[in-house]
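See structure below.
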Amino acid sequence: MTCQDTISRVTDRIRERSESGRAKYLAKIDRAIEQGPGRAHLTCGNLSHAFAAANPLDKEALATAKTPNLGIITAYNDMLSAHQPYETYPELIRETARSVGATAQVAGAVPAMCDGVTQGQAGMDLSLYSREVVAMAAAVGLSHNVFDSVVFLGVCDKIVPGLIMAAAAFGHLPAVFLPAGPMTSGLANAEKARVRQDFAKGIVGREELLKSEMASYHAPGTCTFYGTANTNQMLMEFLGLQMSGSSFVNPNTEMRAAITKASVERALQITNKGDEFIPFARIFDEKALVNGIVGLNATGGSTNHLLHLVAMARVAGIELTWQDFSDISAITPLLARVYPNGLADVNHFHAAGGLPCVVGQLIKGGLLHEDVQTVMGEGIEHYTKEPKLDEQGRVRWGWDSNVPLDPKIIATIDQPFQKSGGIKTLKGNIGEGVMKVSAVAAERHSIEAPVAVFHNQDDVKTAFQSGDLNKDVIVVVRYQGPKANGMPELHNLTPMLSVLQDKGFKVALLTDGRMSGASGKVPAAIHICPEACDGGAIAQLQDGDIVRIDANEGKLEILDPKVLERPVITPDLAANYDGMGRDLFSSFRKSIGPANKGAISSL
């Protein structure tokens, strides 16, 4: 079976299993489109409230509803580097809209929390839940029903998936995503990782660690490693919801501003008031999602999207499974080496040809659906075009970037870094989980060892510091699932486990929680379902039980079946539910679904 055959087969089975839900969704969208522009149905009182504070230049246009009105949903705050650049976007968007005879208004703001700030802290327990909060907050802003198109301003981990969920709920409206771009390169990621490991070993102190971290995260823009935030930006291009080559242009540059203006103009060209109406629902379909999964594998993207893509698709009536990801991964070559899968950061990746180059290579290999609708027009080939500035400072697309400029960063389809993308589905008597192996050495893809069981990250740290983990060990951290405590990332464990691995021990992580989008060289079986809180077998393990994690065979096994006859071990989880706002999220813990269904609580 060829790669093209596998892509077609997976797409067909997604379409078949989603037939009923997708039909209901599209019927809802069609009804909204048939009703026409929302402002036409508002009373005079409704309308006057909608533009009472508008610029006098905009009021007449807003009152007549003859020209499109662009809604802005923003995740701006000035604490987080990735979202700080959005401070100036609304005025630039309004000016651009006026220049083409249209209007724009900030429809609402959504929260944007940073997993980097909350990593290993109590606030991380709210991180996954915040995706639903983002979706609902955006829906509140758009519910005023005065917009003909929407631009979404968001970058990071849960923000973009939440915004996609809102865009799907308002799928009758066109939607264009506006990135902010990565910060310029600072301390090399490999050096940052070395200092973190030295701190874990006690070789350096907190002062040197802080100096290293500040040299790494030092300016406006996303972090420069290829974690969930930058994977989000990749997905927006593969899904056709962002302008080609726009993901990794640095903030506060002439190109960044020009792309933002062009994106706004495009969002206003594709409303139902013009001749090229492209609502979100016509872009976000089964083929687009398969393209997104191909992009995820080809670039070595974040495992968090085995949750987010599933959740995003469900809002649009489409059902994805982890097996879909695994089957696509098996035939998708790895074409990018970006930290933690290589030494380059996203700025180096962009300079080497970036996403337009990767898209071009994947088209050459027959791995993408070419006949898809995008915000740039019909066809994924739009996303092989690199943006350039003309003599007037306007951005133009039309330069193919199909040849990698640095073969250490971007490979060709004929000579990939790996033959598969590296996302593996694991199944066995423990349940179902996933592993990202693109940065894991081949000899570590299969680990069999005794387990050491923990219920929180702090206890793992204590055991590490006391030397109790200086052995072949599979570290089990359970009661970290969606229902238990919001499924926090366990990235703080990476330096410790890396130290053990470097000492020559066989080491792996097994958890019903998440690992960071920057998960690297330590094998980690994550997202285990059923989670411990649902009575999963992970809750029956005891210290010393032998477990095999085998990414080569897709196995996740407790070797002694008698373990499964034990009662479930349930610790006191009361400490998970109070403080840092966690007490406000009890309804989410009660209603949230399993990780393999997207850990979604709003459906």
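Annotations for the structure displayed:
Okay, residues lined up against (1) at pLDDT below 95; (2) loosely packed, with under 14 Cβ neighbours inside 10 Å; (3) touching an Asp or Glu at 6+ places or on another chain (Cβ under 8 Å):
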site: T494; (1), (2), (3): yes, no, no
site: L497; (1), (2), (3): yes, no, no
site: S516; (1), (2), (3): yes, no, yes
site: L556; (1), (2), (3): no, no, yes
site: V568; (1), (2), (3): yes, yes, no
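- Within the range 310-360, the set of residues being of a type in the set (S, T, N, Q) and closer than 16 Å to I7 by Cα comprises T321, Q323, S326, S329, T332.
- Residue check: I203 meets all listed conditions (1) touching a residue at least 12 places away in the same chain (Cβ under 8 Å); (2) not assigned by TED's automatic domain parsing to the domain that holds A298 but one, namely (1).
- Complete set of residues in the range 591-603 that are under 12 Å from Y129 (Cβ atoms) and either loosely packed, with under 12 Cβ neighbours inside 10 Å or in contact with a helix residue (DSSP H, G or I) (Cβ under 8 Å, 6 or more places away or on another chain) (or both): I592, A599, I600, S601, S602
Every residue, every condition in (1) out of contact with any Leu (no Cβ under 7 Å at 6 or more places or on another chain); (2) within 20 Å of A32 (Cα to Cα); (3) outside the structural domain of L26 (by TED's automatic domain parsing), yes or no:
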residue: A107; (1), (2), (3): no, yes, no
residue: L128; (1), (2), (3): yes, no, no
residue: A139; (1), (2), (3): yes, yes, no
residue: F147; (1), (2), (3): no, yes, no
residue: V151; (1), (2), (3): no, yes, no
residue: L163; (1), (2), (3): yes, yes, no
residue: F170; (1), (2), (3): no, yes, no
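Yes/no per residue for (1) surrounded by fewer than 24 Cβ atoms within 10 Å (Cβ to Cβ); (2) farther than 24 Å from I331 by Cβ; (3) among the basic types (K, R); (4) without any contact (Cβ under 8 Å) to a residue 24 or more places away in the chain:
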| position | (1), (2), (3), (4) |
| --- | --- |
| P220 | yes, yes, no, no |
| N250 | yes, yes, no, no |
| A257 | yes, yes, no, no |
| A267 | no, yes, no, no |
| P279 | yes, yes, no, no |
| R282 | yes, yes, yes, no |
| K287 | yes, no, yes, no |
| G301 | no, no, no, no |
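- Of the residues making up the range 359-381, those that are in a loop (DSSP other than H, G, I, E, B) and either without any contact (Cβ under 8 Å) to a residue 40 or more places away in the chain or not β-branched (V, I, T) (or both) are G365, G366, L367, L368, H369, E370, D371, M376, G379.
- Residue match in the range 173-191 (condition: under 24 Å from M255 (Cα atoms), among the β-branched types (V, I, T) and either surrounded by 24 or more Cβ atoms within 10 Å (Cβ to Cβ) or in contact with a strand residue (DSSP E or B) (Cβ under 6 Å, 6 or more places away or on another chain) (or both)): yes
- Subset of the range 428-442 that is part of a loop (DSSP other than H, G, I, E, B) and modelled with pLDDT under 95 - its residue that is farthest from the chain's Cα centre (by Cα): A441
- Selection from the range 221-263 of residues that are among the acidic types (D, E) and either assigned to a loop (DSSP other than H, G, I, E, B) or over 20 Å from I164 (Cα atoms) (or both): E254
- Note on the range 169-204: residues that are modelled with pLDDT of 95 or more and either assigned to a helix (DSSP H, G or I) or of a type in the set (F, W, Y) (or both) amount to 3.
- Among the residues making up the range 366-402, those that are under 18 Å from A351 (Cβ atoms) and basic (K, R) are K385, K388.
- If you go through the range 33-59 and keep only what is farther than 16 Å from H172 by Cα, out of contact with any Ser or Thr (no Cβ under 8 Å at 6 or more places or on another chain) and not small (G, A, S), you end up with L42, T43, C44, N46, L47, H49, F51, N55, P56, L57, K59.
- Single residue of V140, V150, V146, V155 found to be in contact with a strand residue (DSSP E or B) (Cβ under 8 Å, 6 or more places away or on another chain) and either of a type in the set (F, W, Y) or assigned to a helix (DSSP H, G or I) (or both): V140
- Screening the candidates G365, G379, G353, G360 for the property of being in contact with a helix residue (DSSP H, G or I) (Cβ under 6 Å, 6 or more places away or on another chain), of a type outside the set (S, T, N, Q) and in the same structural domain as P251 (by TED's automatic domain parsing) yields one hit, G360.
- In the range 312-358, the qualifying residues are those that are in a strand (DSSP E or B) and either in contact with a Cys (Cβ under 8 Å, 6 or more places away or on another chain) or not β-branched (V, I, T) (or both), and the one that is nearest to G421 (Cα to Cα) is L334.
The values are calculated or read from the model by the stated rules, or taken from the named source; none is laboratory data. Fair warning: this is a prediction, and the values are worked out from it, not measured in the lab. All Cβ positions, even for glycine, are placed from backbone atoms using ideal geometry, and neighbour counts span all protein chains on display.
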